[in-house]
Amino acid sequence: MTAEIIDGKAFAAGLRARVGELAAAFTPQAGRAPGLAVVLVGEDPASAVYVRSKGKATREAGMESFEHRLPADTAQDDLIALVDRLNDDAAVDGILVQLPLPKHIDEQAVLTRISPDKDVDGFHPVNAGRLATGLPGFVPCTPLGCLMLLEDRLGDLSGLDAVVVGRSNIVGKPMAALLTKANCTVTIAHSRTRDLPRHLRHADIVVAAVGIPHFVKGEWLKQGAVVIDVGINRTESGLVGDVDFAGAMQVASAVTPVPGGVGPMTIAVLLRNTLVAAHRNAGIPLEKGAI
């Protein structure tokens, strides 16, 4: 048995196309395009690449991209003042402060200053609370993208056993909450879980987001499991995921590759969240299930 490869790149392209169509319909109704503001502090090379790609994708979707590049020695108060201005700017529907920030800046202080209604990254404690309690809000882009790939592959997830390997606020915890909402039976595991293979042997769904190259071995998986690999680890042999891809391909029914799996979904969902924010901010209803 050889698993199918889940093509996140193709799915993301379809999602971005739908966002573009809906953005084109929104613009004449609102008298403006949806707007995403991205703030980059410093010159971290990886962050700079992400910001460029997000700006390009935003413009391709027919949205306004507002990029704010600040020097690495920017004071925390000045960064917070910029966030306040963006909160008050009616042309801005979503605000994204690129992480990591320089060490002298308290990331939590900055992220919690973003209005929850413009928090398209879904990192604000208010949105985390909304997700945990089943209220509508913004969900972090990567786990929501993972859920979309799973539902596209499996349809209804009700009753399936899922293991999330990783417990970060950005991926692991919101992923577990989304799967619980989808009526899965969810186990949250991590690098210190005792006898991880025992948990994975019963999992219909495995989401690996632990940040350790090839941490999840193929022989640990249940036959026919669907595996979503969130990991992006730079090694001497190139980018690899948190899952032993070759081993998983011999056991699972479907696996996301690295790169080309979850990564493209993150930016596509960011655009989706910005579109949703634009409709809410403008008071224009978005048809349920449209995106």
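The values are calculated or read from the model by the stated rules, or taken from the named source; none is laboratory data. Just so you know, these numbers come straight off a predicted model, no measurement behind them. Cβ coordinates were reconstructed from backbone atoms using ideal geometry, including for glycine residues, and neighbour counts include every protein chain displayed. Heavy atoms of the whole protein, side chains included, go into the accessibility calculation; ligands, DNA and RNA do not. Shrake-Rupley method; radii C 1.70, N 1.55, O 1.52, S 1.80 Å.
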Report every pair of residues separated by at least 6 positions or lying on different chains whose Cβ atoms are under 7 Å apart, first residue within segment 197-221 and free of Cβ contacts under 8 Å to residues at least 40 places away in the same chain, second hydrophobic (A, V, I, L, M, F, W, C) and assigned to a loop (DSSP other than H, G, I, E, B).
Leu200/Leu221; Gly218/Val251; Leu221/Val251; Leu221/Ala252
Hits in segment 39-75 (condition: crowded, with 17+ Cβ neighbours inside 10 Å and in contact with a helix residue (DSSP H, G or I) (Cβ under 7 Å, 6 or more places away or on another chain)):
Val39, Leu40, Val41, Lys54, Ala57, Thr58, Ala61, Gly62, Met63, Ser65, His68
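Scan segment 141-152 and give yes if some residue there is of a type in the set (Ser, Thr, Tyr), under 30 Å from Lys217 (Cα atoms) and open to solvent by 50 Å² or more (accessible area, probe 1.4 Å), otherwise no. First the steps, then the outcome.
Of segment 141-152, the ones of a type in the set (Ser, Thr, Tyr) are 142.
Now drop any that are not under 30 Å from Lys217 (Cα atoms), which leaves 142.
From what is left, the residues that are open to solvent by 50 Å² or more (accessible area, probe 1.4 Å) are none.
No.
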By residue number, the members of segment 180-223 that are among the hydroxyl-bearing types (Ser, Thr, Tyr) and under 24 Å from Glu236 (Cα atoms) are Ser191
Just to verify a result, which residue in segment 108-139, among those that are in a loop (DSSP other than H, G, I, E, B) and of a type in the set (Ser, Thr, Tyr), is nearest to Asp229 (Cα to Cα)?
Thr112
So Pro257 ticks every box in (1) closer than 25 Å to Asp89 by Cα; (2) more than 14 Å from the chain's Cα centre (by Cα) but one. Which box is left unticked?
(1)
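Do the conditions hold for Leu111, that is, is it farther than 27 Å from Ala46 by Cβ and out of contact with any helix residue (DSSP H, G or I) (no Cβ under 8 Å at 6 or more places or on another chain)?
When the stated conditions are applied, Leu111 does not pass them.
Kindly indicate which of Thr142, Thr180 is closer than 20 Å to Ile267 by Cβ and part of a helix (DSSP H, G or I).
Values: Thr180 fails: closer than 20 Å to Ile267 by Cβ.
Within the list Thr142, Thr180, the selection yields Thr142.
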Of the criteria (1) over 12 Å from Thr274 (Cβ atoms); (2) modelled with pLDDT of 95 or more, which one Asp119 fails
(1)
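Return a yes/no flag: does segment 165-181 have any residue that is touching a Cys at 6+ places or on another chain (Cβ under 7 Å), farther than 23 Å from Asp244 by Cβ and open to solvent by less than 80 Å² (accessible area, probe 1.4 Å).
So far as segment 165-181 goes, no, none of its residues is touching a Cys at 6+ places or on another chain (Cβ under 7 Å), farther than 23 Å from Asp244 by Cβ and open to solvent by less than 80 Å² (accessible area, probe 1.4 Å).
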Filter segment 1-19 for residues that are open to solvent by 80 Å² or more (accessible area, probe 1.4 Å) and touching a strand residue (DSSP E or B) at 6+ places or on another chain (Cβ under 9 Å) and give the result.
Glu4, Ile5
Mind checking which pairs have a first residue in segment 175-194 that is closer than 12 Å to Val207 by Cβ and a second that is among the polar types (S, T, N, Q) and at pLDDT 95 or above, Cβ under 7 Å, 6 or more apart or different chains?
Val186/Thr180
